[in-house]
Each structure stands twice: as C-alpha cells, then as structure tokens.
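**Q** Starting off with a structure, shown below.
The values are calculated or read from the model by the stated rules, or taken from the named source; none is laboratory data. Bear in mind that the values here come from a model prediction, so they are computed numbers and not experimental data. Don't worry about glycine lacking a Cβ; one is built from the backbone with ideal geometry, like all the others, and counts go over all protein chains shown.
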Amino acid sequence: MVDDAAPATKLETDLRKGVLVLAVLSQLRTRQYGYSLRQALAERGMPIEEGTLYPLLRRLEGQGLLASEWFADDGPPRRYYELSPQGREQYRSLTAAWGSLTSVMGRLLQEDD
C-alpha cells in the first residue's frame, strides 16, 4: 500500500526549510534566547523543533549573521542571539528577495485559476 500523504508532507517540509532562515532572522531583530525564539515563531505559525533551531542558530552565527552572548538573569544562564550588522544587511536583502519571489509565485499560481 502506497502512502500518498508522505510525498506531500516531504514536499511541504522542503518548502518550509527554504524559509526558516528568513523566519529566524525576522525574529532576531531583537535579542532572544532559543526557547523564546521557538515560542515567538510558533505563535506566528512557524513552529520549529529544537533539533532544527539550535544547529541553524550556530550555523548563522558561524556565517557572521548573528551575535550571541550569555546572560544569567534571574535563572540559569541563557545564550541570547541577535542580528549582527552583517545579519541586518542580509535580512534586508532576503526580505527584498522574498517580496520578489512571493510576487512571482502569486502570478504563477493565479495562472492555474
């Protein structure tokens, strides 16, 4: 028996992966730690697993797009992330590219109507 939902789910997952970087950057315009970032994304309809988020944060920091710093407020120490100057520039560039892509895709998808 073939599961028809599995290919669609895989395609949707692939589509989501393509926008995760922009989604994460959008929420790191203000400083946040991992859990608060996960909550902010989930509240806005973009849930993300810890096993996906933390490697992505490390990769973005390694690329110079994020800066991080450890803080110990009233609880355990937490690593806070925010956009670096290079990250802010890249965020603006990706936002413009996203606007262009959504415009093109909107036109392409309307052709099916």
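**Q** Please determine whether any residue of segment 62-72 is under 14 Å from the mean Cα position of the chain (by Cα), modelled with pLDDT of 95 or more, under 22 Å from R16 (Cα atoms) and not in a strand (DSSP E or B).
**A** Checking segment 62-72: at least one residue is under 14 Å from the mean Cα position of the chain (by Cα), modelled with pLDDT of 95 or more, under 22 Å from R16 (Cα atoms) and not in a strand (DSSP E or B).
**Q** State which residue pairs qualify: first residue under 20 Å from E82 (Cα atoms) and inside segment 13-27, second residue among the hydrophobic types (A, V, I, L, M, F, W, C) and not in a helix (DSSP H, G or I) in any location, beta carbons under 6 Å apart, and separation of 6 or more residues or different chains.
**A** From segment 13-27, the pairs are A23/M46.
**Q** Shifting gears a bit: Within segment 10-49, how many residues are assigned to a helix (DSSP H, G or I) and closer than 20 Å to F71 by Cα?
**A** 8
**Q** For E43, are the conditions met, namely being at pLDDT 95 or above and either surrounded by 16 or more Cβ atoms within 10 Å (Cβ to Cβ) or at positive phi (or both)?
**A** No; evaluated as a whole, the condition is false for this residue.
**Q** Let me ask something else about it. Mind telling me which of the residues L108, L94, L53 ends up being surrounded by fewer than 10 Cβ atoms within 10 Å (Cβ to Cβ) and not aromatic (F, W, Y)?
**A** L108
**Q** While we're here: Just one of E82, E61, E69, E89 is surrounded by 10 or more Cβ atoms within 10 Å (Cβ to Cβ) and more than 16 Å from Q27 (Cα to Cα); which is it?
**A** Testing whether each residue is surrounded by 10 or more Cβ atoms within 10 Å (Cβ to Cβ) and more than 16 Å from Q27 (Cα to Cα) leaves just E69.
**Q** Shifting gears a bit: Taking the options L28, L37, name whichever one is crowded, with 17+ Cβ neighbours inside 10 Å, in contact with a Leu (Cβ under 8 Å, 6 or more places away or on another chain) and over 22 Å from G99 (Cβ atoms).
**A** L37
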